[in-house]
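Colleague: My questions will all concern the structure given below.
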Amino acid sequence: MPFKKIRVLVVDDSLFARTLIVNEITKDAAIEVVGTASDPYEAREKVLSLDPDVMTLDVQMPGMNGIEFLKQLMPQHPLPVLVVSSVSGVVFDALQAGAVDFVTKPAESGEAGRAAFVSELIVKLKIASIAKVGQHKNSPQRQEPGAPTLRDTQGHVIALGASTGGTEATAQILSALRDDLPGIVIVQHMPPVFTRLYAERLNNTTRLAVKEAGDGDVLRPGTALVAPGDFHMTVEKYAGGYRVRCQKGEKVSGHCPSVDVLFESVAKAAGKKAMGILLTGMGGDGANGLLQMKKGGAHTVGQNKATCVVYGMPAVAMSLGAVDKELPLNAIAHDVYAWRDEKMK
């Protein structure tokens, strides 16, 4: 049986960017560029005529920007889209509109920056080619139960990890939560700068106080700390509660920050007073850490296959026996409150 290549449509108004992307990604034997487009109007025609497996998409383009194009395209012709853009918070608008993931254009023209960009682009194209699109967006959250009389949550902690598809999945969960919960620590595989932008976005769109974590930050009820890009985040006991440490380090399970690093620290620091949530993502980061949390008595949840963009990390956790409950995305917030209410009795 012949090997089926990933058929890619490259969309960018810059001839230089289109040429660079085409020349570099076609060096990979698994990828075939079936067409290019310089604006959304040309791209729409080529999506219909070429039916690519994946589309790369610039955000800033003449006539119609990439966000508006996505909003029009995805309901009619959903396909995996990988945003290729300069550093900007607008990538989160693209993810909300249906894009699977993003890659940042190199800030420098040097060989090292270009090589890193191409390597990440190829990896994410391959992940995007197996991503599920059009089913996970805007799934309504179940209504969480009414707030009981709140007891002390200082001694408890909720840890959440995610990768591809996780920015929107995490946002959906947090948007259904109130500020009457133990502190939440989050690892989302994302580069520096974007973790801060993502935390700011969550802070502005949820009832929780969300910020990018800094070394030594105290984890307080009603708050969420997002691990900074290129730093591992761990949780340690502190004055009857918890604080986080953010430190540089080698990649663990292929990532920095790593979900495994976070989860293993939570298992050690909080034991049975913790809840672990592992969401959509490629690979196995977080699976072993979630197993350590479960062995320590924590309540563990994995996102189910039907609602994952990429059913990778939760699948590995399931195979290890690390998951107490596998739930659809729109049921996880409800389960957070069920766990909270049980612990607060």
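Colleague: Using C-alpha positions alone, give me the convex hull volume of segment 1-80 per residue in cubic angstrom.
Modeller: 84
Colleague: Which of Ser49, Ser119 has the fewest other C-beta atoms within 10 Å, and how do the rest follow up to the most?
Modeller: On the way: Ser49 10, Ser119 13.
Least to most surrounded, the residues fall as Ser49, Ser119.
Colleague: What distance in nm separates the simple spin-label points at Asn204 and Gln60, each placed 7 Å from Cα in the Cβ direction?
Modeller: My value for the distance between the label points is 1.8 nm.
Colleague: Mind checking the angle between helix 111-128 and the chain's longest principal axis? C-alpha axes, 0 to 90 degrees, to the nearest 10.
Modeller: 80
Colleague: In straight Cα distance, which aspartates and glutamates are under 12 Å from Lys124, not counting same-chain residues fewer than 8 positions off?
Modeller: Asp101
Colleague: Taking the radius of gyration and the Kirkwood hydrodynamic radius from Cα positions alone, what is the Rg/Rh ratio for the chain, to two decimal places?
Modeller: 0.99
Colleague: Given 4 °C and 1.567 mPa s, compute D for segment 206-286 with the Stokes-Einstein relation, Rh being the Kirkwood radius over Cα pairs; round to the nearest whole µm²/s. Walk me through the intermediate numbers first.
Modeller: On the way: Rh = 13.2 Å.
The calculation lands on 98 µm²/s.
Colleague: Another one. Working out 0.36 nm times the residue gap between Lys71 and Glu32, then minus their Cα-Cα distance, what length gain in nm do you get to one decimal?
Modeller: Working it through step by step, the gained length comes to 11.4 nm.
Colleague: Can you sort Ser163, Ser253, Ser258 so the residue with the fewest Cβ neighbours within 10 Å comes first?
Modeller: By the 10 Å Cβ count, ascending, the order reads Ser253, Ser258, Ser163.
Colleague: Viscosity 1.567 mPa s, temperature 4 °C: give me the Stokes-Einstein translational D for segment 157-343 in µm²/s, with Rh taken as the Kirkwood radius over C-alpha pairs.
Modeller: Rounded to a whole number, D works out at 83 µm²/s.
Colleague: With an 8 Å Cα cut-off and a minimum separation of 6 or more residues, compute the relative contact order for segment 6-128 in percent.
Modeller: Values: 203 pairs, mean separation 28.0, N = 123.
Result for segment 6-128 is 23 percent.
Colleague: Please name which of Met313, Ala97, Pro192 has its Cα lying farthest along the dipole of the chain towards the positive end, using unit charges on Cβ (Lys, Arg +1; Asp, Glu -1) and the Cα centre as origin.
Modeller: In the chain, that residue is Met313.
Colleague: Straight-line reach from Lys4: which aspartates and glutamates have a Cα under 17 Å away, not including same-chain ones fewer than 8 places off?
Modeller: Leaving aside aspartates and glutamates fewer than 8 places away in the same chain, those within reach of Lys4 are Asp28, Glu32, Asp51, Asp53.
Colleague: Can you tell me the relative contact order of the chain? Whole percent, Cα pairs under 8 Å, sequence separation 6 or more. Mind showing how you got there, number by number?
Modeller: Details: 795 pairs, mean separation 44.8, N = 345.
Value for the chain: 13 percent.
Colleague: Using the count of nearby Cβ atoms within 10 Å as a rough guide to exposure, how do Phe16, Phe117 rank from fewest to most?
Modeller: Ranked by crowding around the Cβ, least crowded first: Phe16, Phe117.
Colleague: Enter the angle in degrees (range 0 to 90, nearest 10) between the Cα long axis of helix 194-205 and the first principal axis of the Cα atoms of the chain, meaning the one along which they spread out most.
Modeller: The angle comes out near 60 degrees.
Colleague: Checking the table Lys71/Lys126; Lys5/Lys305; Lys105/Lys305; Lys5/Lys132 against a 20 Å threshold on Cα-Cα, which pairs fail?
Modeller: With Cα atoms farther than 20 Å apart: Lys71/Lys126; Lys5/Lys305; Lys105/Lys305.
Colleague: Under 16 Å Cα-Cα from Lys294, which lysines qualify once same-chain neighbours fewer than 8 residues away are excluded?
Modeller: Lys268, Lys272, Lys273, Lys325, Lys343
Laboratory data are not the source of any read-out in this text; all were calculated from the coordinates shown. Keep in mind the model is a prediction, meaning the values are calculated, not measured. Positions of Cβ are backbone-derived with ideal geometry, glycine not excepted, and every protein chain shown enters the neighbour counts.
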